[in-house]
């Protein structure tokens with residue numbers, strides 16, 4: 001009954017998940033008020049559930065504690081919520097760590113047959129893999145800038161934004177990105193996830209972290225990750241965050 005109602009009423013869905021997020025954030029951070037208010041600030045700028053936002057925060061803090069060299073990078077930004085958490089941690093640590101954001105800021109491209117029936121249904125039967133927006137998950141660059149520079153008041157000198165499709169931006173920018181301490185992928189589709197791993201995984205430093213948002217949800221994302229690890233003979237200890245997200249240490 002509840003699931004049927006959620007599917008039919010998008011406003012109710014949004015309120016339901018925001019309510020769950022706020023309740024979880026409060027219960028887990030009742031003694032950490034600053035962290036709670038950080039989560040409240042980024043809530044309007046993320047579609048990610050509390051567990052994955054908290055995971056980003058903890059991994060970013062762990063990287064700073066270990067003084068790992070390298071940038072914080074996210075591929076698939078939407079309005080910048082989870083990247084904002086990463087950047088906030090770096091800013092508080094005064095590490096002058098660079099933070100890179102890669103997104104089309106036009107929404108998702110078309111999926112391919114590798115992404116399965118669910119993705120095809122989601123995209124309105126479009127599955128040719130064309131780099132054109134299907135008008136899903138559209139996050140405006142202006143919203144990202146508002147979060148980073150007006151709400152979180154981060155230093156713009158440490159923030160780099162790669163606007164465009166991954167296939168166009170990542171091959172050009174990977175050398176400029178340099179070493180990566182934390183790589184977070186929220187790319188949804190097979191080709192997008194594959195492109196991000198092919199171009200950026202080698203930049204991840206030993207001991208660095210790779211976070212994958214959609215591994216447990218989108219078929220194509222999981223397939224791209226599994227194929228990449230198998231091809232490289234990488235034995236990754238995938239740690240489950242929640243039903244969708246996983247992460248591992250290189």
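For the reader, a short list of remarks on this structure follows.
- Members of region 113-134 that are out of contact with any strand residue (DSSP E or B) (no Cβ under 8 Å at 6 or more places or on another chain) and surrounded by 14 or more Cβ atoms within 10 Å (Cβ to Cβ): 114, 115, 116, 119, 120, 122, 123, 126, 127
- Region 139-150, subset out of contact with any strand residue (DSSP E or B) (no Cβ under 9 Å at 6 or more places or on another chain) and surrounded by 15 or more Cβ atoms within 10 Å (Cβ to Cβ), residue nearest to residue 76 (Cα to Cα): 143
- When region 192-214 is filtered for residues that are at pLDDT 95 or above and over 12 Å from residue 228 (Cβ atoms), the ones remaining, listed by number, are 192, 203, 204, 205, 206, 207, 208, 209, 211, 213.
- Residue, surrounded by the fewest Cβ atoms within 10 Å (Cβ to Cβ), within region 212-225, restricted to residues that are under 25 Å from residue 57 (Cα atoms) and either without any contact (Cβ under 8 Å) to a residue 24 or more places away in the chain or out of contact with any strand residue (DSSP E or B) (no Cβ under 9 Å at 6 or more places or on another chain) (or both): 217
- Scanning region 151-166 for residues that are within 28 Å of residue 205 (Cβ to Cβ) and either in contact with a strand residue (DSSP E or B) (Cβ under 8 Å, 6 or more places away or on another chain) or surrounded by 14 or more Cβ atoms within 10 Å (Cβ to Cβ) (or both) yields 152, 154, 155, 158, 159, 160, 161, 162, 163, 164, 165, 166.
- Any hit, region 168-177, residues being under 25 Å from residue 244 (Cα atoms), modelled with pLDDT of 95 or more and surrounded by 15 or more Cβ atoms within 10 Å (Cβ to Cβ): yes
- Among the residues of region 1-25, those that are at pLDDT 95 or above and surrounded by 14 or more Cβ atoms within 10 Å (Cβ to Cβ) comprise 21, 22, 24, 25.
- Residue in region 62-76 that is surrounded by 24 or more Cβ atoms within 10 Å (Cβ to Cβ), under 18 Å from the mean Cα position of the chain (by Cα), assigned to a loop (DSSP other than H, G, I, E, B) and at pLDDT 95 or above present: yes
- Considering only residues in region 157-167 that are more than 14 Å from residue 86 (Cα to Cα) and assigned to a helix (DSSP H, G or I), the one that is modelled with the lowest pLDDT turns out to be 157.
- In region 186-211, residue surrounded by the fewest Cβ atoms within 10 Å (Cβ to Cβ) [restricted to those that are out of contact with any helix residue (DSSP H, G or I) (no Cβ under 6 Å at 6 or more places or on another chain) and part of a strand (DSSP E or B)]: 206
- Scan of region 217-250 for residues that are in contact with a helix residue (DSSP H, G or I) (Cβ under 7 Å, 6 or more places away or on another chain) and part of a loop (DSSP other than H, G, I, E, B), ordered by number: 218, 236, 241, 242, 245
- Inter-residue pairs, beta-carbon under 6 Å, first under 25 Å from residue 146 (Cα atoms) and in region 17-43, second in a loop (DSSP other than H, G, I, E, B) and modelled with pLDDT of 95 or more, 6+ apart: 35/29; 36/29
The values are calculated or read from the model by the stated rules, or taken from the named source; none is laboratory data. Not measured: the values here are computed from a predicted model. Note: ideal-geometry Cβ built from the backbone for every residue, glycine included; neighbour counts use all protein chains shown.
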